[in-house]
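Shown next, in structure tokens, is the structure this report addresses.
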Amino acid sequence: MVGKALLMYDESKYLQVRGSGVVVTGGANTRTTVTWLQERGTGSFTQVPGNTRLIITDFVYLPQGDLTSRHVINIAESGSGEIILQLFVDPNVSTQTHFLTGLVIGSGSTVTAFTDAAGTAGQHVTLYLVGYLARPLQQKIARSRK
């Protein structure tokens, strides 16, 4: 495939977004909401806009200098309240995971992050997430029938 760019998704139908937040250790009571920025735009959001879905494909966890013990970082969807991903983060070691298809977050939901209650409280982990906004599947099917 020399000379052709390999696209992961159709940019005419999907909008790339980047999310970030800082998790403070100490359990679910220190929950943070991820803020999302639109690629090539000025808009930001915490709640997935209506009539779309958020597909998260990449997660990067960077421990800040004050992290001295291993923690589990939980990523949850506010709509269902269910934890969708749990990863360990260790001091001075970045943790990454990448999905080919991504994790789907429904319209109107937010993405939250929190740690386990074990270990030292009050320490910090920076999160960077990448994904894209897509139209709901039902709309695509309805349009193809017209």
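The values are calculated or read from the model by the stated rules, or taken from the named source; none is laboratory data. The shown structure was predicted, so the numbers you read here are calculated from the model rather than taken from an experiment. Here the Cβ is made from the backbone with ideal geometry for all residues, glycine too, and neighbour counts use every protein chain on show.
Determine if region 51-62 includes at least one residue that is under 18 Å from L133 (Cα atoms) and outside any strand (DSSP E or B).
Initially, region 51-62 is screened for residues under 18 Å from L133 (Cα atoms), giving 51-59.
Then drop every residue that is not outside any strand (DSSP E or B), which leaves 51-52.
Yes - at least one qualifying residue is present in region 51-62.
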Please go through (1) over 17 Å from S20 (Cβ atoms); (2) under 13 Å from the mean Cα position of the chain (by Cα) for L103 and return the number of the only condition it doesn't satisfy. (1)
Breaking point among (1) surrounded by fewer than 16 Cβ atoms within 10 Å (Cβ to Cβ); (2) of a type in the set (A, V, I, L, M, F, W, C); (3) modelled with pLDDT of 90 or more, for V34: (1)
Restricting region 118-146 to residues that are touching a Lys or Arg at 6+ places or on another chain (Cβ under 7 Å) and of a type in the set (G, A, S), the residue that is modelled with the lowest pLDDT: G119
Qualifying residues in region 1-31 (those that are of a type outside the set (A, V, I, L, M, F, W, C), under 16 Å from V72 (Cα atoms) and surrounded by 11 or more Cβ atoms within 10 Å (Cβ to Cβ)) - the one modelled with the highest pLDDT: G21
Kindly indicate whether any position in region 111-129 is among the polar types (S, T, N, Q), surrounded by 16 or more Cβ atoms within 10 Å (Cβ to Cβ) and more than 14 Å from V22 (Cβ to Cβ). no
For L54, are the conditions met, namely being over 18 Å from S109 (Cβ atoms) and surrounded by 16 or more Cβ atoms within 10 Å (Cβ to Cβ)? no
Would you check which residues across region 65-92 are part of a strand (DSSP E or B) and closer than 16 Å to V22 by Cα and list them? H71, V72, I73, N74, I75, A76, Q86, L87, F88, V89, D90
Just to verify a result, which residue in region 79-96, among those that are modelled with pLDDT of 90 or more and under 14 Å from the mean Cα position of the chain (by Cα), is surrounded by the fewest Cβ atoms within 10 Å (Cβ to Cβ)? Q86
I'd like to know if region 104-115 contains one or more residues that are modelled with pLDDT of 90 or more, at positive phi and among the small types (G, A, S). yes
